[in-house]
Amino acid sequence: MPNESRGLAEARREEIIAACEKLYKTVSFKNITLKDIGKATTFTRTSIYNYFQTKEEIFLALLQKEYEMWIGRLRQIREGNEQMEPLEFADALAHSLEERETLLKIMSMNHYDMEENSRMERLIDFKVVYGRSLTEVKSCLDKFFVKMTLQDKQDFIYSFFPFMFGIYPYTVVTEKQKQAMERANVNYVYMSVYEIVYAEVKKLLRA
């Protein structure tokens with residue numbers, strides 16, 4: 001494929017992802033359709049199928065993009081600091097996720113269905129980027145916490161990454177959910193993304 005054609009294909013792919021991201025700010029995943037996404041682009045809806053076969057593939061690509069942006073932020077933290085104390089790293093990591101609401105929101109969805117309804121090549125592309133995020137977090141631990149053992153670092157990663165899936169539903173609560181909590185007499189403490197991540201990282205590093 002000529003370079004110009006590859007460039008056009010990539011531009012259209014990015015336009016589809018951007019249209020999906022914009023819709024997702026106000027419409028739930030289950031209510032977004034390929035038709036809706038198509039209407040938000042500059043080309044015909046049927047053209048979407050040249051790039052994505054399902055809605056889930058588009059969301060997987062958006063999630064991949066969000067991971068890539070988070071990886072870039074983690075790299076800035078690692079390269080921009082010669083050393084960091086545990087509380088400083090907890091602060092930086094918490095801020096890095098505070099900036100990525102869309103990442104956390106998609107992570108709170110059913111990954112099984114999203115990945116199952118995506119082609120293998122799309123899933124592999126995503127997994128490569130996901131793997132890079134694991135590596136970048138470990139690289140931060142390698143640089144800033146030299147006394148941590150390999151097992152310590154693995155324990156951190158395999159505690160922190162599953163924890164990330166629950167950040168959004170614990171920090172973004174609808175008015176309906178608040179009313180239900182009150183009527184159920186549930187004493188729930190509402191925390192921000194920064195607060196809940198900072199507390200978790202501080203706890204993991206102390207352990």
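The values are calculated or read from the model by the stated rules, or taken from the named source; none is laboratory data. Values in this document were obtained by computation on a predicted structure and should not be read as measured data. Reconstructed Cβ throughout: ideal geometry from the backbone, glycine too, with neighbour counts over all protein chains shown.
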Residue in the range 151-166 that is of a type outside the set (K, R), closer than 24 Å to L34 by Cα and assigned to a helix (DSSP H, G or I) present
no
Residue in the range 27-34 that is touching a residue at least 24 places away in the same chain (Cβ under 8 Å) and closer than 28 Å to G166 by Cβ present:
yes
Top-ranked residue of the range 186-200 - restricted to ones that are under 17 Å from the mean Cα position of the chain (by Cα) and of a type outside the set (F, W, Y), ranked as surrounded by the most Cβ atoms within 10 Å (Cβ to Cβ)
V197
Kindly establish whether L87 is exposed (fewer than 15 other Cβ atoms within 10 Å of the Cβ) and assigned to a helix (DSSP H, G or I).
yes
For residues in the range 75-84 being in a helix (DSSP H, G or I) and free of Cβ contacts under 8 Å to residues at least 40 places away in the same chain, which is surrounded by the most Cβ atoms within 10 Å (Cβ to Cβ)?
Q76
Taking only the range 109-131 into account, find how many residues are part of a loop (DSSP other than H, G, I, E, B) and either surrounded by fewer than 17 Cβ atoms within 10 Å (Cβ to Cβ) or in contact with a Cys (Cβ under 9 Å, 6 or more places away or on another chain) (or both).
3
For residues that are over 18 Å from L103 (Cβ atoms) and either touching a strand residue (DSSP E or B) at 6+ places or on another chain (Cβ under 6 Å) or not hydrophobic (A, V, I, L, M, F, W, C) (or both), tally how many sit in the range 27-45.
11
Could you list, in sequence order, all residues of the range 39-48 that are modelled with pLDDT under 90 and either among the small types (G, A, S) or closer than 18 Å to D125 by Cβ (or both)?
S47
For the condition touching an Asp or Glu at 6+ places or on another chain (Cβ under 7 Å) and either of a type in the set (S, T, Y) or in the same structural domain as A18 (by TED's automatic domain parsing) (or both), what is the one hit in S118, S96, S108?
S118
Going through (1) under 24 Å from R119 (Cα atoms); (2) at pLDDT 95 or above one by one, E82 fails only at (1)
May I ask you to list the residues in the range 145-170 that are in contact (Cβ under 8 Å) with a residue 60 or more places away in the chain and more than 14 Å from V201 (Cβ to Cβ)?
Y168, P169
Taking only pairs six or more apart or across chains, which ones have beta-carbon atoms under 7 Å, a first residue in the range 111-138 that is small (G, A, S), and a second residue that is part of a helix (DSSP H, G or I)?
S118/E56; S118/E57; S118/L60; S133/Y67; S133/W70; S133/I71
Kindly indicate the residue of the range 169-195 that is among the aromatic types (F, W, Y) and either in contact with a Phe, Trp or Tyr (Cβ under 7 Å, 6 or more places away or on another chain) or outside any loop (DSSP other than H, G, I, E, B) (or both) and also modelled with the highest pLDDT among those meeting that condition.
Y194
